[in-house]
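Below is one structure; the comments refer to it alone.
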Amino acid sequence: MSRGDMAKPLLGHGSTEGDPRITPASGRTIGVLGSGDFARSLAIRLVCSGFKVVVGSRNPKRKANLFPSAAEVTFQAEAVKKTDVIFVAVFREHYSTLCDLADVLAGKILVDVSNNTEINHHKESNAEYLASLFPACTVVKGFNVVSAWTLQSGARDGNKQVLICSNNQEAKRTVAEIAQVMGFTPVDMGCMSSASEIENIPLRLLPAWKIPIFLALGLFLCFFTYNLIRQVIHPFIREQKNKFYKIPIEVVNTTLPCVSYVMLSLVYLPGVLAACSQLYYGTKYRRFPDWLDQWLQHRKQIGLLSFFCAALHAVYSLCLPMRRSHRYLLIETAVKQAMEKKMNIWVEEEVWRMEIYISVGIIALGLLSLLAITSLPSIANSLNWREFSFVQSSLGFTALVVSTLHTLTYGWSRAFDENQYKFYLPPTYTLTLLVPCTVIIAKVIFSLPCIRHRLLRIRRGWEKGRYVKFVLPSATGEYSSGETSSNV
Ligand code: NAP
């Protein structure tokens, strides 16, 4: 297939109009080979979409009552004779058993819906294997990314996209039309060599989440160990105090906000690095290194994991007073206070610190929730580009600043207290501040008019060392134009 063919839309407006060779999709007869779960769901969906369905089974009498009455269930050869488009809802291992049908199948379109049990299980894709068994047929790969369940629920639930590939453009368009009438969105994946890639898609386990999850786990492990040493190991070694009860809740609860806060800053750090690179090279047309590219692409997942940790931190914090250890400590303090005949233990500074700390924390969580909600495809699609970038960029950055205030009010003056340096290790919150503060300072520097102006010009196509005409918005929002050469 030529490159030109790939660029063509699978379904042009009125593509079938006036073309006597093409039957309108709805109303035509579609064949299904096999009578298993997928075949049944497919038949139901096809019937509901207005197609005539003929199912080919090795044992039609036994299977007929499993299908809607509108579908005809007959022997495989009979079914194949009645239609030009046949879905092969049979496992790859059984393709060879269909070879007896080669003569009746000649010249027909076979839709390979099969999946494998492992990624790149076979040297050639299932669709290519089917095509090699039936050289007189045109094979189209498709529908394997939708489950039997999605087919039955009529594309209202689950994935709506159906990835299609074939070496025959006409056959591909026919299958795409059928998919569209069934309520799916056909996506042209090109020629048959893409079949392996399409077959691997349902087998991948959260491919976009792997790096962010490992990052979150790595950070969790580091901060957990650090907090464990400070909160449990140090009192055990230095004062022989048993504080191991703190591990399940207190240590975890001091670790979660660290992970959440650092992860949030890691959402904005690659943007800062990208801006530095653009400023340094004076162009936006230079490719970022692969690691930065990958990092930029994973920002959404990193942000969602940051929200997840923040939400867990909120729940853990709410549960702190429920612990038996908390009640014992509270009573112990009260008894001590009574014995020392202290009437008033109110510390004004501590009260204010706690009030501000909790309030700022709630606001930070609220902002993070907003970011998480707007990253959902259905919500994101309803926003225009400016709204989306306002929420994700401006509100996201505000969330980072508010989280920094939350951290600072938590730490207060602890960084200056000698007793807080357990085994000479500084309080955890001082470590967590490093990356977020770097990001905030960098963002403030980038917002300085001279730097912002240069960055804006670069992002609109200006390049260092090139003489180009540029048009820029002025401070009042009006556009000014001019000509510039390098190093301006
Ligand atoms: P299934 O329930 O086991 O059905 C397979 C059917 O293949 C049988 O009912 C059988 O129908 C037919 N068949 C033909 N020749 C056979 C033979 N020699 N030995 C055994 N069976 C033979 O499997 P399924 O879940 O419907 O899956 C069918 C295909 O759809 C597979 O390639 C699968 O990868 C693909 N798929 C399934 C799903 C899903 O959600 N289930 C999703 C995507 C893709 P007769 O006895 O009537 O001939």
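I'm trying to understand the selection: among the residues of segment 448-461, which are touching a residue at least 60 places away in the same chain (Cβ under 8 Å) and part of a loop (DSSP other than H, G, I, E, B)?
461, the sole residue that qualifies.
Within segment 125-135, is even one residue within 11 Å of the ligand (Cβ to nearest atom), open to solvent by 50 Å² or more (accessible area, probe 1.4 Å) and assigned to a loop (DSSP other than H, G, I, E, B)?
Checked segment 125-135: no residue is within 11 Å of the ligand (Cβ to nearest atom), open to solvent by 50 Å² or more (accessible area, probe 1.4 Å) and assigned to a loop (DSSP other than H, G, I, E, B).
For residue 197, indicate whether it is closer than 30 Å to residue 137 by Cβ, open to solvent by 20 Å² or more (accessible area, probe 1.4 Å) and free of Cβ contacts under 8 Å to residues at least 24 places away in the same chain.
The answer is yes for residue 197.
Can you say whether residue 392 is under 19 Å from residue 440 (Cα atoms), of a type outside the set (A, V, I, L, M), assigned by the TED database to the domain that holds residue 266 and surrounded by 10 or more Cβ atoms within 10 Å (Cβ to Cβ), as far as the supplied structure shows?
It is true that residue 392 is under 19 Å from residue 440 (Cα atoms), of a type outside the set (A, V, I, L, M), assigned by the TED database to the domain that holds residue 266 and surrounded by 10 or more Cβ atoms within 10 Å (Cβ to Cβ).
Give the residue that is farthest from residue 44 (Cα to Cα), with candidates limited to residues of segment 66-75 that are within 11 Å of the ligand (Cβ to nearest atom) and open to solvent by 40 Å² or more (accessible area, probe 1.4 Å).
75
Six or more apart or on different chains, Cβ under 8 Å: which pairs go from a residue in segment 176-187 that's under 13 Å from residue 163 (Cα atoms) and surrounded by fewer than 21 Cβ atoms within 10 Å (Cβ to Cβ) to one that's among the basic types (Lys, Arg) and modelled with pLDDT under 95? Could you list them?
Close Cβ pairs (under 8 Å, with a partner that is among the basic types (Lys, Arg) and modelled with pLDDT under 95) amount to 185/160.
Return the only residue of 119, 86, 109 being more than 9 Å from the ligand (Cβ to nearest atom) and modelled with pLDDT under 95.
It is 119.
Of all residues in segment 173-192, which are under 26 Å from the mean Cα position of the chain (by Cα) and among the hydroxyl-bearing types (Ser, Thr, Tyr)?
Result: 185, single match.
Test residue 284 against the stated conditions and say whether it is open to solvent by 50 Å² or more (accessible area, probe 1.4 Å) and at positive phi.
no
What about residue 21, is it away from the ligand (no atom under 16 Å from the Cβ) and either closer than 19 Å to residue 173 by Cα or modelled with pLDDT of 55 or more (or both)?
Yes, satisfied.
Out of segment 200-210, which residues are open to solvent by 90 Å² or more (accessible area, probe 1.4 Å) and either more than 18 Å from the chain's Cα centre (by Cα) or of a type in the set (A, V, I, L, M, F, W, C) (or both)?
205, 206
Looking at segment 224-238, can you tell me whether even one residue there is under 21 Å from the mean Cα position of the chain (by Cα) and part of a helix (DSSP H, G or I)?
Checked segment 224-238: no residue is under 21 Å from the mean Cα position of the chain (by Cα) and part of a helix (DSSP H, G or I).
Given the criteria open to solvent by 20 Å² or more (accessible area, probe 1.4 Å), assigned by the TED database to the domain that holds residue 399 and in contact with a helix residue (DSSP H, G or I) (Cβ under 9 Å, 6 or more places away or on another chain), does residue 269 qualify?
yes
Determine, yes or no, whether residue 92 is closer than 18 Å to residue 145 by Cα, touching a His at 6+ places or on another chain (Cβ under 9 Å) and within 12 Å of the ligand (Cβ to nearest atom).
Judged against the criteria, residue 92 is a match.
Sort through 226, 261 and tell me the only one that's assigned by the TED database to the domain that holds residue 432, open to solvent by 30 Å² or more (accessible area, probe 1.4 Å), modelled with pLDDT of 95 or more and within 22 Å of residue 433 (Cα to Cα).
226
The values are calculated or read from the model by the stated rules, or taken from the named source; none is laboratory data. As the structure is a prediction and not an experimental result, all values here were calculated from the model. Backbone-built Cβ (ideal geometry, glycine too); neighbour counts: all protein chains shown. Just the protein is used for accessible areas: all its heavy atoms, side chains included, with ligands, DNA and RNA removed. Shrake-Rupley method; radii C 1.70, N 1.55, O 1.52, S 1.80 Å.
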